[in-house]
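The structure appears right after this line, and notes come after that.
Please treat every number below as a calculation from the coordinates, not as lab data. Owing to the predicted nature of the structure, the values given are computational and were not obtained by experimental measurement. Don't worry about glycine lacking a Cβ; one is built from the backbone with ideal geometry, like all the others, and counts go over all protein chains shown.
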Amino acid sequence: ADEPLILGIETSCDETGVGIVRGHTLLADALASSVQEHARFGGVVPEVASRAHLEAIVPTMDRALAEAGVTIADIDAIAVTAGPGLAGALLVGVAAAKGYALAAEKPVYGVNHLAAHVAVDALEHGPLPQPAVALLVSGGHSSLLLVDDLARGVTPLGATIDDAAGEAFDKVARLLGLPFPGGPHIDREARAGDAAAIGFPRGLTAARDLAAHRYDFSFSGLKTAVARWVEARERAGEPVPVADVAASFQEAVCDVLTAKALAACQAHGVETLVIGGGVAANSRLRALAEHRAAKLGVRVRVPRPGLCTDNGAMVAALGSHLVASGVAPSRLDLPADSALPL
Ligand code: KG4
Ligand code: ZN
């Protein structure tokens with residue numbers, strides 16, 4: 001018999017995503033992004049995002065179903081991001097999921113966005129060996145998780161105590177006069193720069209911080225250090241070496257992320273590190289993680305960049321795993337929860 005056909009809906013931030021999977025096979029991944037509408041504000045504006053989801057959700061559903069060559073009647077279950085994320089944005093996806101589920105008489109599964117970022121890797125690399133450590137780094141979150149079984153939840157090991165990693169990339173890019181979202185621009189500039197040019201701080205890695213924040217991250221001090229460094233240059237009337245600043249900043253972020261992720265692997269005797277979220281597209285993060293992990297006998301799994309950023313396929317992937325694990329569907333009064341815990 002065929003594995004169940006699962007549709008996933010994602011609307012937690014600025015991407016309206018609808019994905020369709022059968023088992024670990026991706027059949028459709030339709031996306032509508034409002035990122036350009038936020039660009040002139042330098043960050044995602046919640047009201048703008050909600051309105052964009054409202055306009056995009058039905059056309060994106062239609063596109064995904066057409067891409068997979070199925071109708072809503074063929075779908076076995078609908079999964080939807082119930083949180084965490086922007087409250088108004090989440091509501092659009094959850095309401096849509098309930099509407100389609102009710103109309104087509106399908107079960108609905110409210111899922112956690114962070115767990116979905118982990119689950120998506122299975123679409124590219126097959127079932128995730130468990131236990132695994134997951135490093136999730138995006139514009140909205142920076143977390144380290146211990147994954148025993150995605151269907152039974154995951155254990156948070158640490159998270160950022162201030163800015164998310166992607167947020168730091170975006171803020172530093174802005175300071176350097178690069179467009180939003182800044183991550184890809186920093187990544188590109190850094191290739192021509194010297195990562196050892198400037199010694200920027202590595203947040204929460206001093207002995208006294210490690211005691212209380214072993215797997216937590218902090219990027220706001222780094223961002224401030226970059227701002228001070230750039231200001232001092234400008235005050236002295238000297239040009240800002242954008243490539244060197246980008247490379248040195250990127251190195252500080254990637255150094256801390258990989259060091260803590262691999263320390264978590266070692267402490268928990270875990271041999272698989274999975275990286276997800278928009279920042280997982282960063283070329284230096286991927287290379288440094290591979291390099292350091294290889295020395296420790298840890299395997300790194302990173303999905304292709306298009307699956308790292310927010311999308312519907314990741315929600316469908318997690319839904320598929322939940323259905324295969326025999327997890328009961330959510331009730332139809334399932335709430336959207338902007339602070340949904342893991
Ligand atoms: O996962 P995502 O698409 O959306 C959120 O859930 O936030 O992540 C977007 C973030 C942005 O901050 C963006 O600058 C960052 O991912 N990003 C990158 C790269 N590509 C995207 N950061 C560093 N290097 C990249 N190549
Ligand atoms: Zn995300």
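The fewest-to-most ranking of 268, 24, 113, 53 by surrounding Cβ atoms within 10 Å reads 268, 24, 113, 53.
Across q = 0.12 Å⁻¹, region 191-299 modelled as identical point scatterers on its alpha-carbon atoms has Debye log10 I(q)/I(0) values of -0.47, in the order of the q list.
Against the chain, whose longest principal axis comes from its Cα atoms, helix 165-175 is set at around 50 degrees. In the chain, helices alone account for a calculated mean residue ellipticity at 222 nm of -14000 deg cm²/dmol, with every DSSP H run of four or more residues adding -39,500 (n - 2.57). Among 134, 261, 225, the residue with the largest mean-square fluctuation in a Gaussian network model of the chain, with springs joining Cα atoms closer than 10 Å, is 225. Measuring nothing but how far apart in sequence close Cα pairs (under 8 Å, 6+ apart) lie, relative to its length, the chain scores a relative contact order of 26 percent.
Taking a quarter of the surface of the Cα convex hull of the chain gives a mean projected area of 17.3 nm². Need one word for region 1-122: rounded, prolate or oblate. Basis is the Cα gyration tensor (sqrt eigenvalues a ≥ b ≥ c); a/c below 1.5 gives rounded, then a/b vs b/c decides. Verdict is prolate for region 1-122.
For the pair residue 36 and residue 211, label points projected 7 Å from Cα toward Cβ lie 5.3 nm apart.
Bridges between two residues of the chain, per DSSP, are antiparallel at a rate of about 60%.
Compared with the direct C-alpha span, the chain from residue 291 to residue 220 gains 22.9 nm at full extension, assuming 0.36 nm per residue. Close amide H partners of residue 202, meaning residues 5 or more places away or on another chain with modelled amide H under 5 Å apart, do not exist here. Counting other Cβ atoms within 10 Å as a rough exposure proxy, the listed residues 338, 142 run 338, 142 from fewest neighbours to most. Under the criterion of Cα pairs below 8 Å and six or more residues apart, the relative contact order for region 130-305 equals 27 percent.
Placing +1 on the Cβ of every Lys and Arg and -1 on the Cβ of every Asp and Glu, with nothing else charged, gives region 130-305 a dipole about its Cα centre of roughly 260 debye. Sorting 243-250, 34-41 by their mean Cβ neighbour count within 10 Å, with the most densely packed peptide first, gives 243-250, 34-41.
Fewest-first ordering of 105, 271 by other beta carbons within 10 Å of each residue's beta carbon gives 105, 271. About its Cα centre, the dipole of the chain is roughly 780 debye, where the only charges are +1 on Lys and Arg Cβ and -1 on Asp and Glu Cβ. Can you compute the FRET efficiency between residue 327 and residue 234 using 1/(1 + (r/R0)^6), with r the Cβ-Cβ distance and R0 = 51 Å? Round to the nearest 0.05. In this case the efficiency is close to 0.40.
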